[in-house]
Amino acid sequence: MRVLVTGGAGYIGSHTVRHLLEHGHEVTVFDNLSKGHAASVPADILVEGSLSDSARLDHILVTLRIQAVIHFAAFAQVGESVQQPDLYYRNNVLGTFNLLDAMEKAGVRRMVFSSTCATYGIPATMPIVEATPQNPINPYGRTKLMVEWMLEDMVRHKNWACASLRYFNAAGADPKGDIGEDHTPETHLIPLAIFAAMGKTKGLEIFGDDYPTPDGTCIRDYIHVLDLAQAHRLALEKICPASHLKLNLGTGKGQSVRDVIDAVRKVSGLEVPFRMGKRREGDPPSLVACSDLARNTLGWNPQYLELEKIVETAWRWHRDHPNGYA
């Protein structure tokens, strides 16, 4: 299939691009490189551009005869979305509208969307299933839910084929060690813990230790980036017209902040200095997935089910690339 991957030079996007290429798909990466890295994808398939440039989107979709889109391009920091909601609505919602408009004009009606567990907000029960009410508590989650609604209407009224993949905490890196996670600023827990162990920072700040969890720190479901990449490809190949798959992607195992610190300590052999801070606005106490529907619908079989194995791939990337892609 000829696939356009928006945000394909980003963390999850770049791993998905590699996976698609390995499975015979023709891929074009569309990225403005504000968050992504040109070095993470083959140079000959990268097109630099913005979702705000409708004319450029029209041109690419038509001239490259694109058949499907995997849509990663979005801002994705919860804290930042609380501080700058307008930025998130403009980029995540309006940018996606421009993309959908260009796709419809070009007759491209097949999309896999990078959604998030943040659309659920603070669920009443765990684990989270797809029927769990979606009540996002921050602008980031709201923008993602709005896009899901947009896709639902395109499926219902325009006969599109769509999948919205609500994944939990992406983590790890390709075990080959040549691509990985590199954000500026970095906000994800596992790399921040690794940075603290390496002495790149003064220490890790834990945002609250008074949550209603066994050790008082937040619990998350960490899913390896290659398992996410596989799910995107399987969804791309599975979806059919007038259908909208909505699937959770996680391991079903909840790990606390302290669990992550312990895993980094074991894998690296280094201490992880940390300090306690206040709770961060917009953080639910616990988010753990039930991904049975994805397994049964897609034949998805995640390979990295243990936290230490996920952390090990992340450690290898950061150890060998202390400055990321720089």
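Right, residue 251: open to solvent by less than 50 Å² (accessible area, probe 1.4 Å), hydroxyl-bearing (Ser, Thr, Tyr) and in contact (Cβ under 8 Å) with a residue 40 or more places away in the chain or not?
yes
Which numbered condition trips up residue 259, out of (1) modelled with pLDDT under 95; (2) among the charged types (D, E, K, R); (3) within 21 Å of residue 171 (Cβ to Cβ)?
Against the list (1) modelled with pLDDT under 95; (2) among the charged types (D, E, K, R); (3) within 21 Å of residue 171 (Cβ to Cβ), residue 259 comes up short only on (1).
With the requirement that a residue be part of a loop (DSSP other than H, G, I, E, B) and in contact with a Lys or Arg (Cβ under 7 Å, 6 or more places away or on another chain), what does region 198-230 give you?
203, 208, 215, 217, 221
Which condition from (1) open to solvent by 70 Å² or more (accessible area, probe 1.4 Å); (2) touching a Pro at 6+ places or on another chain (Cβ under 6 Å) is the one that residue 157 breaks?
Of (1) open to solvent by 70 Å² or more (accessible area, probe 1.4 Å); (2) touching a Pro at 6+ places or on another chain (Cβ under 6 Å), only one is false for residue 157: (2).
Does residue 39 qualify as being assigned to a loop (DSSP other than H, G, I, E, B) and within 15 Å of residue 8 (Cβ to Cβ)?
No.
I'm checking my understanding of the structure. Among residues of region 113-154 that are within 17 Å of residue 77 (Cα to Cα) and small (Gly, Ala, Ser), which one is surrounded by the fewest Cβ atoms within 10 Å (Cβ to Cβ)?
121
Return the residues of region 231-248 that are charged (D, E, K, R), crowded, with 19+ Cβ neighbours inside 10 Å and assigned to a helix (DSSP H, G or I); say none if nothing qualifies.
233
Can you name every residue in region 54-83 that is surrounded by 15 or more Cβ atoms within 10 Å (Cβ to Cβ) and farther than 18 Å from residue 112 by Cβ?
If the condition is that a residue be surrounded by 15 or more Cβ atoms within 10 Å (Cβ to Cβ) and farther than 18 Å from residue 112 by Cβ, then 54, 56, 58, 59, 75, 77, 78, 79, 80, 81, 82 are the ones that fit.
Among the residues of region 96-144, which ones are touching a Lys or Arg at 6+ places or on another chain (Cβ under 7 Å) and acidic (Asp, Glu)?
Selection gives 104, 130.
Matching residues to (1) more than 15 Å from the chain's Cα centre (by Cα); (2) part of a helix (DSSP H, G or I):
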{"site": "104", "(1), (2)": "yes, yes"}
{"site": "119", "(1), (2)": "no, yes"}
{"site": "124", "(1), (2)": "yes, no"}
{"site": "133", "(1), (2)": "yes, no"}
{"site": "136", "(1), (2)": "yes, no"}
{"site": "142", "(1), (2)": "yes, yes"}
{"site": "146", "(1), (2)": "yes, yes"}
{"site": "152", "(1), (2)": "yes, yes"}
{"site": "182", "(1), (2)": "no, no"}
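When the residues of region 12-21 are filtered to those that are farther than 13 Å from residue 68 by Cβ and touching a strand residue (DSSP E or B) at 6+ places or on another chain (Cβ under 7 Å), which remaining residue is most open to solvent (accessible area, probe 1.4 Å)?
Selected residue: 21.
May I ask you to say which residue of 44, 86 is without any contact (Cβ under 8 Å) to a residue 12 or more places away in the chain, within 22 Å of the chain's Cα centre (by Cα) and not in a loop (DSSP other than H, G, I, E, B)?
From the options 44, 86, the qualifying one is 86.
Looking at 272, 311, can you tell me which residue is out of contact with any Gly (no Cβ under 6 Å at 6 or more places or on another chain), open to solvent by less than 40 Å² (accessible area, probe 1.4 Å) and not in a helix (DSSP H, G or I)?
Criteria check complete, one pass: 272.
Only one of these conditions is not met by residue 216: (1) open to solvent by 10 Å² or more (accessible area, probe 1.4 Å); (2) at pLDDT 95 or above. Which number is it?
Residue 216 satisfies every listed condition except (1).
Just to verify a result, which residue in region 184-197, among those that are in contact with a Leu (Cβ under 7 Å, 6 or more places away or on another chain) and outside any loop (DSSP other than H, G, I, E, B), is nearest to residue 115 (Cα to Cα)? Walk me through it before giving the result.
To start, the set of residues in region 184-197 that are in contact with a Leu (Cβ under 7 Å, 6 or more places away or on another chain) comprises 186, 192-193, 196-197.
Add one more test, that the residue is outside any loop (DSSP other than H, G, I, E, B), and what stays is 192-193, 196-197.
Values: 192: 23, 193: 25, 196: 29, 197: 31 Å.
Checking each candidate, the answer is 192.
Does region 275-296 hold any residues that are open to solvent by less than 80 Å² (accessible area, probe 1.4 Å), not in a loop (DSSP other than H, G, I, E, B) and not hydroxyl-bearing (Ser, Thr, Tyr), and which are they?
276, 277, 287, 289, 293, 294, 295
Hey, can you tell me all the residues within region 237-258 that are out of contact with any Asp or Glu (no Cβ under 8 Å at 6 or more places or on another chain) and of a type in the set (D, E, K, R)?
237, 238
The values are calculated or read from the model by the stated rules, or taken from the named source; none is laboratory data. Predicted model only: the values in this text are computed from it and were never measured. Glycine gets a Cβ as well: all are built from the backbone with ideal geometry, and neighbour counts include every protein chain shown. For the accessible areas, the whole protein counts, side chains as well, though only heavy atoms, and no ligand, DNA or RNA atoms are used. Shrake-Rupley method; radii C 1.70, N 1.55, O 1.52, S 1.80 Å.
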